[in-house]
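A.B. asks: Submitted below is the structure of interest, expressed as structure tokens.
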Amino acid sequence: GEDGSIGLTGPKGEAGKDAPTLNIAVKDGAPGLNGKDGEVRIVYKDKDGNEKEVASLDDGLLFGADNDGVVVERKLNQKLDILGGANNATDAKNIVTTANADGSIQIDLAKDLDLGTTGSVKTGNTTVNKDGVKVGDNVILGDTGLTIKDGPSITANGVDAGGKTITNVADGVNGKDAVNKDQLDGLKTSVEGSLDKGLNFAGNTAGTVINKKLGDTVTIKGGLLEGKDASDENLRVDVENGNLVVKMSKNLTDLESVVVGNTTVNGDGLTIANGPSVTKDGIDAGNQKITNVVNGSLEAGSKDAVNGSQIHDLSNNIANSLGGGAKFENGIWTGPNFKDALGAKEDITNVYDGFDYLNKNINGVVNGTSGLVIIGSGSRSGSIIINESIAGAGDIGTIDFSKDNGDTRKVTGVTEGLISSDSKDAINGSQLDKLGNSIAGSLGGDAKFENGNWTAPTYNLTDKNGNPTTASDVGDALGNLDGRIDQNTKDIAQNTKDIGDIKDVIGGYGPNGEAPTFTVGGKNYDTVHDALGGVNNTVNDIKNGKDGLIQLTEDGKTIVVDNEIAKNADSFDISGPKSEDNPNGDRKLTGVAKGDVSENSSDAINGSQLHYTNTVVSNTGDSIGKLLGGGAKINADGSVYYDNNGDALTINGKGYKTVAEAIEGMDQNQIFKVSDDGKKVVFGEVGKEVTEISFANGNKNPIKVTGVADGLVEEGSKDAVNGGQLYEVKRDITYINDALSHYNTRINNVEKKVHENRKVASAGIAGAMAMSSIPYIEYSKYSFGMGVGHYDGESALSIGFQGKINDRARYRLQMSYDTQNKVGLGAGVAFEF
């Protein structure tokens, strides 16, 4: 029969459906784990008729792994451990197994597989190893990117589609997103619409627009030829309000030159064709003016440039200081001429020649060869005279010694002047004293003249009756004598007539009737006749200027003092030019204080003193005239004369009636001579025509005019000056001469120093011009420049540095070095408010 089976029918199903059924049979199954065949299996069939076996517990399970030949057996209900390489899920191994609480075994692969340097992962034709990922032979994903042979690549160098289409690209959104064809098609449509519209180009010319389609060429060109050096460092394009604005740097750099019209600026400097240039070789104004120069500082150490107005002002100041017609007009200098100021005959056109001329004139004053008072020459040699070329004809008629308040002054140190009718000499007090004493001695009667005071004589006389009487003046005495002389004269005349040829009875008898002895010229004569002959000879010599203290030169034009006594005497001749009103050129000597009238006085005396003396002399002269008788008269100059009514006696070729007349005649014909005893002075008329008196003093003491009070020394003064003043003048002139010499030296030194300072100043001006000529790049942060300057033969080189502290502050440093080896420094800072 058939194998036995068990059929199972389940509950009925829903209406119309059969209940499920199951037939279970027992058959020999496959060998079990114990190796025995014929293990019983429960076999059943599913609804489709397919048999299904149900194993037993011993039937178990067999497990294998990648290592061939190893089989793991486990009976049902026996545990089988499935192990991975990790102890837990966080181990670094690549596979992790986990027994879950629900009875499942979870096998996990490590998130970061580490197969080592030799491991790899391969799936299909894809291999992952240390070199990357390789898919077949054509696709390689390495450390440099993805590469497909003969196809796309994505590497560090970029994406290369390899001539293939990139599809399914989403629309790009962000700036670095890829765009797809749809986006490009939209752009194409937009661009194609813009191609015809094109672009409009505009410049600074208002209303002018250039339209160019896309693809057309717009030519933006300049005038620089191709091949010429060019630089873009100074240009920049800025976007401003939708415009592209081309801007040039305010501080141009990297330029070789800039040419503007005729002006070229390059590395050497600035040059204007046919005009000025400022280059490294110097500044050439090109025969043009430098204008608008601000006033430079005129002070020590200043290096500023100066302008024309400053030069004009300085030149005018110099011209005004020099005088002499110097001027500076319209840029033309007219030098001074000191001819008129110095009274020169020729032009003197510079200060040095003026000082030289003045020095010579002062030397002339010192040496007595120029000035108002000079040393005479020729016939007036040895005399101090007034220079007529300066005084002029008749300009000086009076020499006034008086003070401004009218007080008088003494003129002292006056040498004894000549006392004669034609004499213009000043006489001193000692002469007046001698004259006074001589008159007092001549008058007798205890008359005195002491210290300028006159004591009248007292004469003891007898009257006509023989009674004693006195007279206190010569007039009364002579009046007394006159009566008796008249009687005596009558008696003498009678006696003379009686004795006839008895010559030895004429005059000069002693008290006892002894014959007189007459001494004339150092010789004794026993008779009047012989004495008068001696007198006549002496008078002739004196008259002819051959003998006496005052003598006449051979040419008969000059009266001189005895050559052996006073040949070197000084004289003061104040005579001036002659004119019709003043034929002798006389001048007054006024303002003379009363001189000392004494024996040793050498003072000049004034008119009041002479007036007093003349009064005395006049009165005395009248008395003497009466005393001498014969109609004797006294001239104003003190000479005695007679009316010549006969020729009884001949004196000097002229006849006289009486002895008194003869003596008077002798007296009238002498100059004056000092007697042997040195006490008498005899006057005469010889030399009236002499125009000059020379005091030749030989080797003896010179004759001086002393005691002259200090004369007023100022413009217009007519005072006589004395030796002390002349000494002071000489001393002052010496001082002046020394000072002038010193000043000449100092002027020479100053002139040298001025010349040196001028060179230094000119060099300084050149330095200032050099520094002021340095060009700077105004808007650069730093700028360095050089400049040169030339002025008045001096030159200078300068360098300068300018820096910008910020947009509102700058500083500048400059230095110059000139041909005088001077260094100039300048610094400044500027702030903008």
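A.B. asks: Does the stretch 275-297 hold any residues that are surrounded by 12 or more Cβ atoms within 10 Å (Cβ to Cβ) and either charged (D, E, K, R) or in contact with a Phe, Trp or Tyr (Cβ under 7 Å, 6 or more places away or on another chain) (or both), and which are they?
C.D. replies: The one that is surrounded by 12 or more Cβ atoms within 10 Å (Cβ to Cβ) and either charged (D, E, K, R) or in contact with a Phe, Trp or Tyr (Cβ under 7 Å, 6 or more places away or on another chain) (or both): ASP284.
A.B. asks: If you don't mind, another one. Looking at ALA300, is it more than 44 Å from the chain's Cα centre (by Cα), exposed (fewer than 12 other Cβ atoms within 10 Å of the Cβ) and in a loop (DSSP other than H, G, I, E, B)?
C.D. replies: Criteria not met by ALA300.
A.B. asks: With respect to the numbered conditions (1) surrounded by fewer than 13 Cβ atoms within 10 Å (Cβ to Cβ); (2) assigned to a loop (DSSP other than H, G, I, E, B), which one is the sole condition not fulfilled by LYS122?
C.D. replies: For LYS122, the failing item is (2).
A.B. asks: Condition test on LYS228, is it farther than 23 Å from GLU778 by Cβ and either of a type outside the set (Asp, Glu) or surrounded by 10 or more Cβ atoms within 10 Å (Cβ to Cβ) (or both)?
C.D. replies: Values: farther than 23 Å from GLU778 by Cβ: yes; either of a type outside the set (Asp, Glu) or surrounded by 10 or more Cβ atoms within 10 Å (Cβ to Cβ) (or both): yes.
Considered against the rule, which asks whether it is farther than 23 Å from GLU778 by Cβ and either of a type outside the set (Asp, Glu) or surrounded by 10 or more Cβ atoms within 10 Å (Cβ to Cβ) (or both), LYS228 comes out as yes.
A.B. asks: Give the residue, chosen from LEU195, LEU235, that is aliphatic (A, V, I, L, M) and modelled with pLDDT of 85 or more. Lay out the reasoning, then the answer.
C.D. replies: Working: LEU195 fails: modelled with pLDDT of 85 or more.
Just one listed residue meets the conditions, LEU235.
A.B. asks: Kindly check whether there is at least one residue in the stretch 175-182 that is outside the structural domain of LYS247 (by TED's automatic domain parsing), hydrophobic (A, V, I, L, M, F, W, C), surrounded by 12 or more Cβ atoms within 10 Å (Cβ to Cβ) and out of contact with any Lys or Arg (no Cβ under 8 Å at 6 or more places or on another chain). Before the answer, list the steps.
C.D. replies: Taking the stretch 175-182 first, the residues outside the structural domain of LYS247 (by TED's automatic domain parsing) are 175-182.
Then drop every residue that is not hydrophobic (A, V, I, L, M, F, W, C), which leaves 178-179.
Among the residues that remain, those that are also surrounded by 12 or more Cβ atoms within 10 Å (Cβ to Cβ) are: 179.
Next cut, out of contact with any Lys or Arg (no Cβ under 8 Å at 6 or more places or on another chain) only: 179.
Yes, the stretch 175-182 has at least one match.
Okay, residues lined up against (1) of a type in the set (A, V, I, L, M); (2) on the phi > 0 side of the Ramachandran plot; (3) in contact (Cβ under 8 Å) with a residue 40 or more places away in the chain:
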| residue | (1), (2), (3) |
| --- | --- |
| GLY215 | no, yes, no |
| LEU224 | yes, no, no |
| GLY227 | no, yes, no |
| ARG236 | no, no, no |
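A.B. asks: I've got another one for you. In the stretch 115-125, which residues are modelled with pLDDT of 80 or more, out of contact with any strand residue (DSSP E or B) (no Cβ under 6 Å at 6 or more places or on another chain) and not polar (S, T, N, Q)?
C.D. replies: Those that are modelled with pLDDT of 80 or more, out of contact with any strand residue (DSSP E or B) (no Cβ under 6 Å at 6 or more places or on another chain) and not polar (S, T, N, Q): GLY116, GLY119, LYS122, GLY124.
A.B. asks: Applying the selection to the stretch 59-105, what residues are surrounded by fewer than 13 Cβ atoms within 10 Å (Cβ to Cβ), modelled with pLDDT of 65 or more and among the polar types (S, T, N, Q)?
C.D. replies: ASN67, ASN77, GLN78, ASN100, SER104 - these are the residues of the stretch 59-105 that are surrounded by fewer than 13 Cβ atoms within 10 Å (Cβ to Cβ), modelled with pLDDT of 65 or more and among the polar types (S, T, N, Q).
A.B. asks: Which condition number does PHE449 fail, the rest of (1) part of a strand (DSSP E or B); (2) at pLDDT below 75 being met?
C.D. replies: PHE449 satisfies every listed condition except (2).
The values are calculated or read from the model by the stated rules, or taken from the named source; none is laboratory data. It should be emphasised that the depicted structure is a prediction, and the values quoted were computed from it without experimental measurement. All Cβ positions, even for glycine, are placed from backbone atoms using ideal geometry, and neighbour counts span all protein chains on display.
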